[in-house]
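What follows is a short report on a single structure.
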Amino acid sequence: MAVTSTRAGRAGLNLFKYSPHPSKTRAYSTGLNTEILESDVVIVGGGPAGLALASALGSSSHVRKNIRVTLIEGGDLSKIEAWQPTPNMFSNRVVSLTNASQRFLRDTGAWNYIETSRTCGVEQLQVWDGISDARIEFSAAELVQQQASVPEMSRLIENFNLQRGLLRHLGSIPEVRILQRTKVVAIDQDSEARGGWPLIHLDNSQSIRARLLVGADGFNSPVRSFAKIPSFGWAYDAQAIVATMNHHPRGAYESPNTTAYQRFLPTGPIAFLPLSPTTSSLVWSTKPFLAAALLACHSDVLVNMVNAAFRLPDVSMKYLHQLILDRHSSGSSVTPEEIQEEINWREQAHGIDPHSAYISAVVKTDRVGIPPADSEAVPPLVTDIQAKSAASFPLRFSHAESYIGEGPGARTALVGDAAHTVHPLAGQGLNLGLYDVECLARCIKDSLLTGGDIGSYTALLPYTQERYLANHTLMSAFDKLHKIYSTDSQPIVWARSVGVEVLNELDSVKAAIMMTAGAKTTRSSSSGSTAWNIAGSAVETMASTVHTAGAIGGAIGNALGSALKNFSRRTS
């Protein structure tokens, strides 16, 4: 059943374009002078998840021939499709697409429309404890040893680049209707005489009956509210600072800028994500009051603090944080000169080798010649922040109690942030959403092939069965990781450091973790993972080690051991 409208379309997107299928098209009016249209699948939300679902459905010839798909977005998508960034200037909202997510986008054809020259592959990841310096390193080379050869672990891409690519792909699919600049004002259930389908009321005096209504409409999802699906969660006492950073290129004797770095400070993790040889993205999760104070300072203060956050011991970082907070509370700000002088003094007080990569005093000069031996243990020194790129947003954990509606809220499904939101420390939020989309699109296609009703509970049940537990397992792991690293208690620091150092020696386990997190390009079976079969015994060994640490560290050590044992039983 196709949606029809007299609104004008626009170049590039198939907005309101009529495709005559008399047997599948219905439009009628009510006594309230509201035109009611019909569509088999209505997707609310034009973010990456919603666009990816429309793209996945539209890429199937069987779907195109048998059902009509409508996407509704309140914003102006034409601005995203027309996005033309300045070379070497990058957006501050960047996501890390796993190889599994990239494969999905390639399978749908959307990847062909992405500007890959503005993406960057991540070949290594270095993560370390901000207190003990216990470090774990992941490398795509470790996947080669497990017969899962891939050139990279993931690929960093701007949100705008991804959305624009999806929009351009949809522009080549006339069967998919996109209603932009159109807001959903209410959702209710149609009369039982007409099947009780969801009825979406728009701000243009039109309404759409949907055989299946999909909420890709974010954390405050109107679709989830209509379906009366409860959610649980909490706001973290954290704010994420994002920015685009410029720095000097890596030298001739160093690896290219394809390594991502993350250091876990007690105030929150700070991540350095490569975008180009001279540009990287910052994601720094910290306390809300500290985020506000940092963003109120001159951008060069943020530059100095980012460099210090990857290099100085925690005791000095605490002092610098307090210095910035004290000035901010008094109505003034620390100057770049003051903060740099303080950092220089502290580097000397800690006895840091002036020729080491852990010295930030040479930030304004380009190092030449042979680099320090530890040059790749920390990211390149940031020289400046791209104008107007520094911003922040709150962090929270949220999970819907179900991904599909029942009773009066039947014929609904949730994907992406409408179903779940997670801490960005693992960079998996959007990937979980894309896995949702891939699974839901497959369920819709399977239902069509068997002559089923795509909006029925039976058709949608495989989606929630496959995705809910998989998402909840990873979300719980991310939440526990955040909590474990948010303390500077010595027994807990010792326990987590022992676990990390043991894990770093187990290449098969690290490869399994990477494959589970999507570094593998092929789709895994839901019944088990070869990677976890290879690594299972090694994970149990590590869990035992952390359990021993728990005997000293108390309840936290036991929680670590339990979490790792549960993690080892997860299938990808």
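Among the listed pairs 445/483; 79/287; 318/480; 79/483; 183/228, which have their C-alpha atoms separated by more than 29 angstrom in this model?
In this structure, 445/483; 79/287; 79/483 lie more than 29 Å apart at Cα.
When the dipole is taken about the Cα centre of the stretch 331-465, and only Lys, Arg (+1) and Asp, Glu (-1) are charged at their Cβ, what size is it in debye, to the nearest 20?
Charge dipole, the stretch 331-465, about its Cα centre: 480 debye, nearest 20.
Between beta-carbons, use under 11 Å as the cut-off and find the net charge around residue 94, counting Lys and Arg +1, Asp and Glu -1.
Values: positive: 93, 118, 155; negative: 158.
Within the 11 Å Cβ shell, the charges total +2.
At R0 = 45 Å, how high is the FRET efficiency between residue 88 and residue 191 if r is their beta carbon distance? Nearest 0.05 is fine.
Approximately 0.20, to the nearest 0.05.
Between the stretch 210-228 and the stretch 421-483, what is the C-alpha centre distance in whole Å?
The two parts, judged by their Cα centres, are 15 Å apart.
For the stretch 29-174, rounded, prolate or oblate, judged on the Cα gyration tensor with a ≥ b ≥ c (square roots of eigenvalues), a/c < 1.5 rounded, else prolate if a/b > b/c?
Prolate, because a/c is 1.5 or more and a/b exceeds b/c.
Each reported figure results from applying straightforward, stated rules to the coordinates on display, with no laboratory input. Note that the structure is a prediction, hence the values are computed from the model and not measured. Every residue, glycine as well, gets a Cβ built from its backbone with ideal geometry; the counts of neighbours run over all protein chains shown.
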